[in-house]
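Peer 1: This is the structure I want to talk about, given as structure tokens.
Every number here is computed from the coordinates shown, using simple stated rules; none is lab data. Note that the structure is predicted; figures quoted are calculated from it, not measured. Note that each Cβ is placed from the backbone with ideal geometry, even for glycine, and that neighbours are counted across all protein chains shown.
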Amino acid sequence: MANDLLGSFWFLASLALLPGRTLDRGFAGSSLLSLALSTAVKASNLVLCLPWLVKFIWESLRERSLWRPALATAPLALLVSFAPIACLNIRHTGDWSGDPWNEGAMKARQPLPTLVGNGSLVAAVNLQQPINLGTGWFFGSLTPLIPQKIKDAVLEAYPRWTLPPDEFSIEENAGWGWPIALLLILSAAAGAFSVKNISGYLCLAGWISAVVMMAKLASEAMPRLLSPLYPLLLLPLGLGPGKPSFLFRKAVFFALGLMLLPLILAPSRPLLPWSQIGRWIERINPSSNWPDRIARVVDAYRQRAQGLQPLIPMGMSDELLQVLLISNGNDPEGPLWFPYDKRRVESRQPADQPPLNQPDLILIREKDWPGWSFQWGIEARPMGRISLVLLARVGPEDWLCMQPGTWPGKW
């Protein structure tokens, strides 16, 4: 969720730069620019405008001249915000989001079922990291208990909705983890009894923004898209003059301590000798399935470093190549671009029509080749075949490198 944290940085900077007791009013322009940059990172950050506006109005009541630097900076802020992208989307697609027909199924038409779906998804994901204490089993057991009418209503409004059964929240299902989720629950309870100062109003604005986002955006990435709002939702635990409360400080250290565990244990960051650990487990308990699982995960991360690069024939590695990758959308395309000045890679999914121009090589899973080549009438000769483990949960898959002899041409 690193790209979400970039938006969080700019948003928190926009709040910090708003003039208060320590900053001059001239920083209001810098604050607006920071807010604009946060929306440029992701369009979902547009909901952050509400908390910023709350703090801007609060400070404007104390310093009325704040409007001048903000208005002076507004044209530049528009240029560095999401606005130019929205204008280009309208020009080329007729819709500010770039998806006029809602092909991505992320525009919520029914806010209430979408809010229910996103609420359950955020809860499920944030209760899974950084340590799985049976949450996968819990939600796996809970899902069948949900009335079918409710599931049908949520799925109709939110086709991408699912409660992830994964042990760890990764990629689109990444979240901040159950320690911070616990803080959010305590924060909501504290905020229900106290809205005393700007921190309380910012927290309230944060909750309103979160609810609006969860009601309008039907995306399985909701837990990570809410990242910029999490700091605001935690504010009630530190409300009041002086230092944050004892409970808040202890809870934060507890959460940060637990988050060190995935940093150490993550297989993508091999700080521990996992292969040796697997052999030790096998000696202690030969019937355990952990050694085999550890071996598959280690092998998958080792092979993902090279990705699909081994499919390129050795004799063609230095040639200028146009490569067509038939992918499921989760395959490591990056290594195929090396050497960077000699490769052009175009990625398509099996259901997509091929590009107009004939590529030099086609990389495709062996199981997809017969149906795909028959559908589009493509004949090709094999240039290589290799078994790769790109995802540990999937295991080895056979890939083909094909050199097309015929091409459909224009559609």
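Peer 1: On a 32 Å Cα-Cα criterion, which of the cross-link pairs Lys149/Lys216; Lys216/Lys342; Lys342/Lys367; Lys149/Lys250; Lys55/Lys107 come out too long? Mind dumping the intermediate values first?
Peer 2: Values: Lys149/Lys216 21 Å; Lys216/Lys342 43 Å; Lys342/Lys367 29 Å; Lys149/Lys250 43 Å; Lys55/Lys107 29 Å.
With Cα atoms farther than 32 Å apart: Lys216/Lys342; Lys149/Lys250.
Peer 1: As a footprinting exposure proxy, order Asp152, Asp331 by other Cβ within 10 Å, with the fewest listed first. The partial results should precede the final answer.
Peer 2: Values: Asp152 11, Asp331 21.
With the sparsest Cβ surroundings first, the list reads Asp152, Asp331.
Peer 1: Ranking request for peptides 319-330, 3-14: highest mean number of other beta-carbon atoms within 10 Å first, then the rest in descending order.
Peer 2: Details: 319-330: 15.8, 3-14: 18.1.
Peptide ranking by packing, descending: 3-14, 319-330.
Peer 1: Round to a whole angstrom and tell me the spacing of the C-alpha centers of the stretch 80-123 and the stretch 199-236.
Peer 2: Rounded to whole Å, the Cα centres lie 17 Å apart.
Peer 1: When the Cα centres of the stretch 256-327 and the stretch 346-411 are compared, how far apart do they sit, in Å?
Peer 2: Between the Cα centres of the stretch 256-327 and the stretch 346-411 lies a distance of 24 Å.
Peer 1: So how do Cys401, Cys87, Cys203 line up by other beta-carbon neighbours within 10 Å, fewest first? Present the calculation step by step, with values, prior to reporting the outcome.
Peer 2: Details: Cys401 21, Cys87 12, Cys203 28.
By the 10 Å Cβ count, ascending: Cys87, Cys401, Cys203.
Peer 1: Just rank Glu366, Glu59, fewest to most, by other beta-carbon atoms within 10 angstrom. Working shown, then result.
Peer 2: Details: Glu366 14, Glu59 20.
Ascending number of Cβ neighbours within 10 Å: Glu366, Glu59.
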